[in-house]
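Asker: Could you have a look at this structure, given as structure tokens, before my questions?
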Amino acid sequence: MEGSTGAGSTGTASTGEADDCRAGDLLVAPLPVMVDGALAVPIDVLELRGEFRLDVAAQTTEAYARLRFAIAEAGRPIFDLRQGTVTEAILDGEAIDAEAMPERDLGGGPGAQMRVLGVELPACSEHTLELRYPVTKLAGFAAAPPDFAVDGVTWDFGFSDLAPRMFLEQWLPANLIHDRHPIALTLEIVGAPAEQRVISNGEISELGPDRWAIDFPAYSTAQSTMLVVVPASRVESSSQMLMAGDAPAIAVELHRTLATPESSAQLHALLADAFQSFSMSTGDYAYPRFTAYVAINKGMEYDGGTTAAVFALPHELFHSWYGRGARPMHARDGWIDEAWDEYNTGDPMFPVVALGIDDPVVRLHDGNPWGRTTPFAAYDDGKLLFAAVAAEVGVQPLRDSMRDFYEAHALGQMTSEELEQHLACSLAAPAVRWLFHRFVYGLPGDPEPAPDGYCR
């Protein structure tokens with residue numbers, strides 16, 4: 001592996017105050033917290049580089065990560081990594097104790113803990129943390145590590161938003177999903193007995209035999225990166241250009257496992273119909289291509305990509321509009337895309353159901369800055385929330401308003417509060433505030449009156 005050390009910044013603090021350098025994604029990060037008698041502070045990831053070396057004969061995977069980050073307040077930086085055996089840790093070119101990054105519950109509850117680096121760093125400073133570790137099976141609910149077989153290796157990053165710590169932090173150091181930054185991966189497979197297929201929504205470049213670089217753009221988050229490695233003999237790969245409305249043609253890269261009953265032609269037709277429908281109803285597709293890995297028992301969305309079973313393809317594709325097109329700012333906003341996706345793709349589609357004071361309150365938006373899970377209730381109760389808005393204003397005005405909201409947030413981030421304000425104002429529907437108060441924030445009674453200038 002080629003990770004070089006000593007390449008970080010000096011970590012020298014600026015003369016400004018913390019408030020002066022709290023910018024970019026730090027503006028929407030959680031506040032610092034006291035941990036073990038010291039101040040633990042959020043970071044702004046500036047760049048992440050990761051390298052994986054998969055040795056088929058030895059059946060081992062080694063990882064190297066280089067995380068460049070900034071902090072505003074002085075304190076101990078917060079990040080996450082679920083891989084447990086760090087063998088080497090280097091901060092700004094100097095070796096540090098590889099065990100001095102304990103997991104701590106910062107307020108997110110059991111299973112949502114993060115790591116706190118046991119080194120005090122000055123305010124308004126930039127740093128580089130380098131880590132080496134073997135990639136191993138994780139305890140609890142997690143994706144499987146690389147699986148080695150006679151025909152090569154199978155590995156799926158395997159993200160999920162239904163349990164905490166199920167994004168990139170399974171494999172590489174990462175931050176919460178508000179943090180946007182470029183990601184560059186290098187993958188090497190040693191001793192593969194046959195051709196391997198590397199499938200990703202990133203830009204893949206071949207560096208040599210069984211060695212690839214995969215680059216992801218500056219708006220990527222810990223939710224963004226799709227990576228699947230599989231022996232080429234197990235998949236059928238094809239590509240098709242799609243025209244959706246007046247937008248530029250979109251390349252659909254389809255990788256179908258041979259165990260999938262449907263043919264590639266059938267799957268391309270399914271995707272083409274869904275692309276046309278979603279583009280017409282929701283807005284232009286935000287990415288230059290869509291990458292689909294179709295296999296049994298899959299179902300996860302990524303930026304312009306999915307790993308999905310056939311029945312889940314329309315749902316996962318719609319997430320490239322809501323979920324990974326317009327993205328939740330925080331985990332507490334993740335209910336939006338699941339709820340609106342189900343309203344558009346689930347059975348029945350576009351329901352109209354009134355909700356009233358006799359219906360029990362529902363909490364979809366946790367409000368906890370350290371929460372890391374989309375609630376299961378987002379699928380059904382979240383869908384009902386939109387059905388209740390439709391009961392107030394009609395289905396088509398609601399869909400038109402959600403199209404406007406998507407177009408204003410494509411490749412950006414959205415919050416529950418922004419959506420509430422948009423729907424209440426664009427639809428001239430004061431009842432939206434009451435519906436959100438009771439069936440999103442889970443609060444009894446009536447909301448406070450809208451502030452002056454709420455609808456400008």
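Each value in this text was obtained by applying a stated rule to the coordinates, not by laboratory testing. Remember, it's a predicted structure, so these values are computed and weren't measured experimentally. Cβ coordinates were reconstructed from backbone atoms using ideal geometry, including for glycine residues, and neighbour counts include every protein chain displayed.
Asker: Under a point spin-label approximation (7 Å from Cα along Cα-to-Cβ), what is the PHE350-SER205 distance to one decimal in nm?
Answerer: In this crude label model, PHE350 to SER205 measures out at 4.6 nm.
Asker: If I model a spin label as a point 7 Å beyond the Cα along the Cα-Cβ vector, how far apart are those points for GLU99 and SER263 in nm?
Answerer: Taking the two extended label points, one gets 6.0 nm.
Asker: Moving on to the next point. Amide H neighbours of THR291 under 5 Å, at least 5 residues apart or on other chains, H built in the peptide plane: list them.
Answerer: It is GLU253, GLY305, THR306, by chain and number.
Asker: Any chance you could tell me what percent of the C-alpha pair distances in the range 235-318 go past 16 Å?
Answerer: In whole percent, the share of Cα-Cα pairs in the range 235-318 beyond 16 Å is 45.
Asker: Turning to a different aspect of this structure: Under 8 Å for C-alpha pairs, at least 6 residues apart: give me the relative contact order for the range 235-318, rounded to a whole percent.
Answerer: 27 percent
Asker: With each label point set 7 Å from Cα along the Cα-Cβ vector, what nm distance links ILE296 and ALA163?
Answerer: With each label placed 7 Å out from Cα toward Cβ, I get 2.1 nm.
Asker: What length, rounded to one decimal in nm, is gained on full extension from GLN59 through to ALA194, with 0.36 nm per residue of separation minus their alpha-carbon distance?
Answerer: Extra length from GLN59 to ALA194 when fully extended: 47.1 nm.
Asker: Which residues in the range 101-142 have a backbone N closer than 20 Å to a point placed 7 Å from the Cα of ASP20 along the Cα-to-Cβ line?
Answerer: From the range 101-142, the list is 121-127.
Asker: Express the relative contact order of the chain as a whole percentage, based on alpha carbon pairs under 8 Å and six or more residues apart in sequence.
Answerer: In percent, rounded to a whole number, it is 12.
Asker: How high is the relative contact order of the range 163-259? Use alpha-carbon pairs under 8 Å, at least six apart in sequence, and give a whole percent.
Answerer: The value is 27 percent.
Asker: Sticking with this structure for a sec: Mind pulling the per residue volume of the convex hull built on the Cα atoms of the chain? Å³ is fine.
Answerer: 154 Å³
Asker: If packing is taken as the average count of other Cβ atoms within 10 Å, what order do 81-92, 295-306 fall into, highest mean first?
Answerer: The most tightly packed comes first, giving 295-306, 81-92.
Asker: Can I ask one more? Taking 30 Å as R0, compute the FRET efficiency from the Cβ-Cβ separation of GLN396 and TYR219 and round it to 0.05.
Answerer: Details: r = 31 Å, r/R0 = 1.04.
That pair, GLN396 with TYR219, gives E of 0.45.
Asker: Can I ask one more? Going by average Cβ neighbours within 10 Å, how do the peptides 416-424, 329-337, 344-352, 271-279 rank, with the highest at the top?
Answerer: The most tightly packed comes first, giving 329-337, 416-424, 271-279, 344-352.
Asker: Another question about this same structure. Once fully extended, how much extra length lies between LEU39 and ALA142, figured as 0.36 nm per residue of separation less the alpha-carbon to alpha-carbon distance?
Answerer: So the extension gain works out to 34.1 nm.
Asker: Quick one: if the Förster radius is 35 Å, what FRET efficiency do GLU236 and GLU47 give, using the C-beta to C-beta distance and rounding to 0.05?
Answerer: 0.45
Asker: Same structure, new question: Report the net charge of residues surrounding ILE357, where surrounding means a beta-carbon distance below 15 angstrom and charges are Lys +1, Arg +1, Asp -1, Glu -1.
Answerer: Details: positive: ARG433, ARG438; negative: ASP358, ASP359, GLU392, ASP446.
Overall, the nearby charge balance is -2.
Asker: Moving on. Which order do peptides 118-131, 251-264, 378-391 fall in by mean Cβ count within 10 Å, highest first? Write down the numbers at each step before the final one.
Answerer: Values: 118-131: 19.8, 251-264: 15.4, 378-391: 21.6.
Put in order of decreasing packing, that is 378-391, 118-131, 251-264.
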